[in-house]
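Just below is one structure, and these are the notes that go with it.
No lab work stands behind these numbers, since they all come straight from the coordinates. Keep in mind that this is a model prediction, so the values were computed, not measured. Cβ coordinates were reconstructed from backbone atoms using ideal geometry, including for glycine residues, and neighbour counts include every protein chain displayed.
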Amino acid sequence: MHAVLEYLYDDNYLQTREKYRSVHLKAAWEAVERGELLLGGAVGDGPFTGLLIFTGENPLEAAKAFAAADPYVTGGVVSSWTARPWTTVAGHEAATPVPS
């Protein structure tokens, strides 16, 4: 099972993130080590959005817990976020593979 955590960054993201970046990345890598976070990063040329892909027994709860404690969220770098379940059907890591 997977979940997608999507961040919408504040317009001044590049200026405000530096204050929180090392703690944010530490938390992300800790989630990787726990087997919860597969991938995460900024999307596009802005960057004005971020995506984090969670996995495990309860990835949606892991995504919500990550966002609630993330210094990017608590520090105002992220203006809004959503966590949604993701039904993965193709790829080696798909939770519910559907062959062609």
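Figures for the structure shown
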{"quantity": "Over region 1-71, equivalent-ellipsoid semi-axes from the Cα gyration tensor in Å", "calculated": "21, 13, 10"}
{"quantity": "Relative exposure of 100, 79, judged by other C-beta atoms within 10 Å (fewest first)", "calculated": "100, 79"}
{"quantity": "Max mean-square fluctuation residue, GNM over the chain, Cα-Cα springs under 10 Å, options 27, 65, 90", "calculated": "90"}
{"quantity": "Whole-Å distance, taken between Cα centres, linking region 53-69 and region 1-18", "calculated": "15 Å"}
{"quantity": "Highest-fluctuation residue, 45, 70, 11 considered, GNM on the chain with Cα pairs under 10 Å", "calculated": "45"}
{"quantity": "Projected label distance in nm at residue 48 and residue 19, using a 7 Å step from Cα toward the beta-carbon", "calculated": "2.2 nm"}
{"quantity": "With Cα atoms, 0 to 90° folded angle of helix 21-33 axis to the chain main axis", "calculated": "20 degrees"}
{"quantity": "Sequence of 21, 34 once ranked by neighbouring C-beta atoms within 10 Å, starting from the fewest", "calculated": "34, 21"}
{"quantity": "Most mobile listed residue (25, 37, 60) in the chain, GNM with C-alpha springs under 10 Å", "calculated": "25"}
{"quantity": "Förster radius 22 Å - calculated FRET efficiency between residue 61 and residue 33 (Cβ-Cβ, nearest 0.05)", "calculated": "0.80"}
{"quantity": "Residue-by-residue Karplus 3J(HN,Hα) for region 9-15, coefficients 6.51, -1.76, 1.60, Hz, glycine and proline x", "calculated": "7, 4, 4, 9, 3, 5, 7"}
{"quantity": "For residue 10, distant residues with modelled amide H under 5 Å away", "calculated": "78, 79"}
{"quantity": "Three-way shape label, region 44-100, alpha-carbon gyration tensor, a/c 1.5", "calculated": "oblate"}
